[in-house]
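Colleague: Have a look at the structure that comes next, please.
What follows draws every value from the coordinates through simple rules; no lab data is involved. Computed from a prediction, not measured in an experiment: that's the story for all the values here. Methodologically, a virtual Cβ is constructed for each residue, glycine included, from the backbone with ideal geometry; neighbour enumeration extends over all protein chains shown.
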């Protein structure tokens, strides 16, 4: 019997790393509200409602501007082709469908989140205190805070 030796032309193992083989990104429909994926360091982008059903929402815009949000102009995000508002008080800024793209310092966003976290905690503490005031030793109140999610119909 004669053994044949097969020689395969393979790439060296060093070239077969995960870094060299990138997975193809699956296609997905474009988002109308896409924001730049690479904001400047320390900056956060968000869409702010400027109008609803063709009516200006000055109250919302004014509130957001007082919070520190600033409208973004197209020249601030090079490499992107965003639609802009053509007329009105927000002419020249990035906007689509009654929304305008705004930016803010990340530090302010973190402070705002901390503020609302603390406010929520204060409310929960107040509710617990009110509830415990009504507790009767014969009928103790449990403050167990868990949620349970079930799927399916279960047995009938």
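Colleague: What shape does region 44-103 have by the C-alpha gyration tensor, where a ≥ b ≥ c are the square roots of the eigenvalues, rounded means a/c under 1.5, and otherwise prolate means a/b greater than b/c and oblate the rest?
Modeller: Oblate shape, in that a/c is at least 1.5 and b/c is the bigger or equal ratio.
Colleague: Sticking with this one: If each residue's Cβ is checked for other Cβ atoms within 10 Å, how do 89, 133 rank with the fewest at the top?
Modeller: Starting with the residue having the fewest Cβ neighbours, the order is 133, 89.
Colleague: Could I ask something else about it? Give me 115, 80 sorted ascending by neighbouring Cβ count inside 10 Å, so fewest comes first.
Modeller: Ascending Cβ contact count within 10 Å gives the list 115, 80.
Colleague: Then there's this: What order do you get for 94, 108, 141 when you list them from fewest to most C-beta neighbours inside 10 Å?
Modeller: In order of increasing Cβ crowding within 10 Å: 141, 108, 94.
Colleague: Another question, if that's okay. Given axes a ≥ b ≥ c from the Cα gyration tensor, I'd like to know whether region 89-133 is rounded (a/c under 1.5), prolate (a/b larger than b/c) or oblate.
Modeller: prolate
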